[in-house]
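S.K.: Okay, here's the structure, questions in a sec.
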Amino acid sequence: MILPKTPSFNLQGKRALVTGAGRGIGLASAVALAEAGAHVTLTARSKHEIENAALAMREQGWLADTHSLDVTDLEKVTKFIDATDPFDILISSAGGARHSPALEVTESDFDFTFSLNTKSAFFVTQCVAKKLIQHKLPGSLITISSQMGHVGGPNRATYCASKHAVEGFTKAMAKELGAHNIRINTLCPTFIKTPLTEPFLQDSDFKAYVEDMIALKRVGEVEDIMGPAVFLASDASALITGSALMVDGGWTAY
């Protein structure tokens, strides 16, 4: 009997770009890809953070370099990606939020959220995909979305809208990029302990609400993202595209 062979999670020989890699989910994703063998380029506005992270990764024997970049500056994004070799893997993790009741959302808050969460993610993905197609290479493109891209939440109308939009362009791009053997998916966390969520989780009532909504009754850690990130980046997910991988502890199961 010839037994089936498990596809590889090994990323050796792959080049990966991770945006928002200075801290939190972006940093954890970069570490996971590097540990799996990829050469990772960490980008963020915070030059000091990504350089320290890359140094620590190289001390582990992993391949990592950096490029300071504001992903909302699309001209600089395009120039950077055009000037580099193609990236086989993208994890678009740069994001942010300004939470308030829907009736109190300002135009400035709306524009900030969509510019960072949706517009920049779209065009970074577009640039990486164009380069892969130019070189006739396959790839795996991943956007860090959210459980809030699938449900609603109080005081999060703008954030939910931005992440629902990410889910929409992911599905549409999957239809177009499949012919080029380029996969595109989202990774959708629940509340993860990061510098971004720390102020909210310090509110005991809010933390209790979050834990009650999560079937596993705990807030996520960045380590909970690392395995799923490698899975979506690797050949282990070779037939998965246009999909959302929920890492939400069961929040959306209700």
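S.K.: Go through (1) closer than 19 Å to Ala233 by Cβ; (2) under 17 Å from the mean Cα position of the chain (by Cα) one by one and return the number of the condition Thr72 breaks.
M.R.: Failed condition: (1).
S.K.: So, in segment 1-42, how many residues would count as being of a type in the set (Ser, Thr, Tyr) and in contact with an Asp or Glu (Cβ under 9 Å, 6 or more places away or on another chain)?
M.R.: Adding up the residues that qualify gives 2.
S.K.: Being polar (S, T, N, Q) and in a strand (DSSP E or B) is the requirement here; does Thr43 meet it?
M.R.: Yes, satisfied.
S.K.: Next question. For segment 157-201, enumerate the residues that are in a loop (DSSP other than H, G, I, E, B), surrounded by fewer than 19 Cβ atoms within 10 Å (Cβ to Cβ) and at pLDDT 95 or above.
M.R.: Asn181
S.K.: Looking at this structure, is Ser243 farther than 20 Å from Val31 by Cβ and modelled with pLDDT of 95 or more?
M.R.: Yes.
S.K.: Here's something else I'd like to know. Checking Phe206 against (1) over 14 Å from the mean Cα position of the chain (by Cα); (2) among the hydrophobic types (A, V, I, L, M, F, W, C); (3) at pLDDT 95 or above, which test does it fail?
M.R.: All conditions are met except number (3).
S.K.: Being closer than 15 Å to Tyr159 by Cα and polar (S, T, N, Q) is the filter; apply it to segment 81-101 and report the residue that is nearest to the chain's Cα centre (by Cα).
M.R.: Ser93
S.K.: Quick check: anything in segment 221-234 acidic (Asp, Glu), outside any loop (DSSP other than H, G, I, E, B) and surrounded by fewer than 14 Cβ atoms within 10 Å (Cβ to Cβ)?
M.R.: Yes - at least one qualifying residue is present in segment 221-234.
S.K.: Another question about this same structure. When segment 117-141 is examined, which residues are found to be among the small types (Gly, Ala, Ser) and in contact with a Lys or Arg (Cβ under 9 Å, 6 or more places away or on another chain)?
M.R.: Residues satisfying the conditions are Gly139, Ser140.
S.K.: Check off (1) surrounded by fewer than 17 Cβ atoms within 10 Å (Cβ to Cβ); (2) farther than 29 Å from Pro199 by Cβ; (3) among the hydroxyl-bearing types (Ser, Thr, Tyr) for Thr41 and give me the number that stays unchecked.
M.R.: In the conditions (1) surrounded by fewer than 17 Cβ atoms within 10 Å (Cβ to Cβ); (2) farther than 29 Å from Pro199 by Cβ; (3) among the hydroxyl-bearing types (Ser, Thr, Tyr), Thr41 misses (1) alone.
S.K.: Between a residue in segment 167-194 that is in contact (Cβ under 8 Å) with a residue 40 or more places away in the chain and any residue that is buried (at least 17 other Cβ atoms within 10 Å of the Cβ) and of a type in the set (Phe, Trp, Tyr), which pairs come within a Cβ distance under 9 Å, given they are 6 or more apart or on different chains?
M.R.: Phe169/Phe122; Met173/Phe122; Ile184/Phe169; Thr190/Trp251
The rows are residues; the columns are (1) under 20 Å from Ala97 (Cα atoms); (2) in contact with a strand residue (DSSP E or B) (Cβ under 7 Å, 6 or more places away or on another chain); (3) hydroxyl-bearing (Ser, Thr, Tyr).
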residue	(1), (2), (3)
Phe169	yes, no, no
Leu177	no, yes, no
Cys188	yes, yes, no
Ile192	yes, yes, no
Pro199	yes, no, no
Val222	yes, yes, no
Pro228	no, yes, no
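S.K.: State which residue is nearest to Pro154 (Cα to Cα) when the search covers only segment 244-254 and only residues that are surrounded by fewer than 19 Cβ atoms within 10 Å (Cβ to Cβ) and free of Cβ contacts under 8 Å to residues at least 60 places away in the same chain.
M.R.: By that ranking, first place goes to Tyr254.
The values are calculated or read from the model by the stated rules, or taken from the named source; none is laboratory data. Worth saying up front: this structure is predicted, and the values here are computed from it rather than measured. Every residue, glycine as well, gets a Cβ built from its backbone with ideal geometry; the counts of neighbours run over all protein chains shown.
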